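Since every read-out is calculated from the coordinates, none of them should be taken as a lab result. Bear in mind the structure is a predicted one, so any value in this text is a computation, not a measurement. Backbone-built Cβ (ideal geometry, glycine too); neighbour counts: all protein chains shown.
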Amino acid sequence: MLPYWFLLFIPAWLALSRLQPSISLAERWSAAWLAMFALLVLMIGLRHQVGGDWGNYLPKVLTASYMTLTEAVTTGDPAYGLLNWLAAKTGLGIYLVNTLAAGVFSWGLLVFCRAQPRPWLALVVAIPYLVTVVAMGYTRQAAAIGFAMLALVALSNLKILRFVVFIVLAATFHKTAVILLPLAVLAGTKRKLWTAFWVGLTFVLFFILLLQESVEALQSGYIDAQYQSQGAAVRLAMNAVPAVLFLRFRRRFVMPQTERTFWIWMSLGALAFLVLLKAVPSSTAVDRIALYWIPIQLYVLSRLPNALGKPNGRNAVLVYGVVAYSAVVLFVWLVFASHAHSWLPYQFYPWVALLR
């Protein structure tokens, strides 16, 4: 368990030692952020036999070794197929796939965190579930979420085209990411009808190109089979709690009105997943789509000390509270989660290789 606690300790220590929130966000990455990026990429990318789907990912590299490049990118998710093909042809195996996907995820995560007034606190919130469980368990969707977080930052800056590009890139790793495209309409742009038209057109186009062939498979695999994810209600509640907090105290979160409107809709979406959990036969389908809403945890909880405490104040008690909450989440998951054994012990491939 110690590697996971070490990963949480670093941003927690930095968050608690830098209690004053940032008013103007730094554009350049400091040595601390670059080191954190490297640490995340190495721990996520070079993990060995860590994650519940580890055994499912290994055969994909072997299958790709018998494919042409065209076959690899046209079978399943294009970008993920390309990574498997490169891994097979270079002989670097699953570790190349995981490391490149980890790079995409970590880039998106840190860019999103750095867009918050308390960036290290946002990263603290991310470690227990988004990093430990999602990034180390769901390689394809983790990369998609990385691009999705880049898209959300672009959307907060009203960069609609950039948002669309990042979502399309996310969909090349996991096709379900196309469901995020309509969010552009909620960004508060002045030309809403025009935005809705061409974003809707893009959504239809990429739905046809990327997702239509998979709809039947998704329906039979998740809905008809009624697959169930253990702990889905708890994971959805982790999104719902910050959603409720944001809706309750939305006027106390300092941000432009357009951004507040967007996150109100995101909060309502997070609550809607609780309803869908009861209405949809497969909790797994709801659980997987709700992963794209995890950034609401980072966004709201990292801003909560400013919202509930003194604006732009240190608000040490509230910061400590968010850190303690994150530590409890990590402890509960590592000790009580039914699939935690697939993450324990954490193994680092270079170290394992040296001991062979």
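Structure summary
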{"read-out": "Cα gyration tensor, segment 224-356 - rounded (a/c under 1.5), prolate or oblate", "value": "oblate"}
{"read-out": "Gain on full stretching of the segment that runs from residue 159 to residue 39 - 0.36 nm per residue minus C-alpha separation", "value": "40.2 nm"}
{"read-out": "Tensor-based shape of segment 11-162 (alpha-carbon gyration tensor, a/c under 1.5 rounded, otherwise prolate or oblate)", "value": "prolate"}
{"read-out": "Residue 310 paired with residue 271, simple spin-label distance in nm, labels 7 Å along Cα-to-beta-carbon", "value": "3.3"}
{"read-out": "Neighbour net charge for residue 123 - beta-carbon separation under 15 angstrom, K R +1, D E -1", "value": "+4"}
{"read-out": "DSSP loop chymotrypsin sites (Phe, Trp or Tyr not before Pro) with at most 15 other Cβ within 10 Å excluded, longest remaining stretch of the chain", "value": "67-226"}
{"read-out": "Relative contact order computed over segment 30-355 (Cα-Cα under 8 Å; 6+ residues apart), in percent", "value": "21"}
{"read-out": "DSSP H segments from the chain that extend 30 Å or more along their own axis, Cα-based, with Kyte-Doolittle mean of -1.0 or above", "value": "93-114, 257-279"}
{"read-out": "Over the chain: helical MRE at 222 nm, DSSP H runs n ≥ 4 each giving -39500 (n - 2.57), nearest 500", "value": "-21000 deg cm²/dmol"}
{"read-out": "Hull volume in cubic angstrom per residue (convex hull over the Cα atoms of segment 81-192)", "value": "97"}
{"read-out": "Cα-only radius of gyration and Dmax that characterise the chain, units Å", "value": "19.9, 61"}
{"read-out": "Span from the segment 92-134 Cα centroid across to the segment 1-74 one, whole angstrom", "value": "5"}
{"read-out": "Residues listed by number, segment 72-97, amide nitrogen under 18 Å from residue 62 label point at 7 Å toward C-beta", "value": "84-97"}
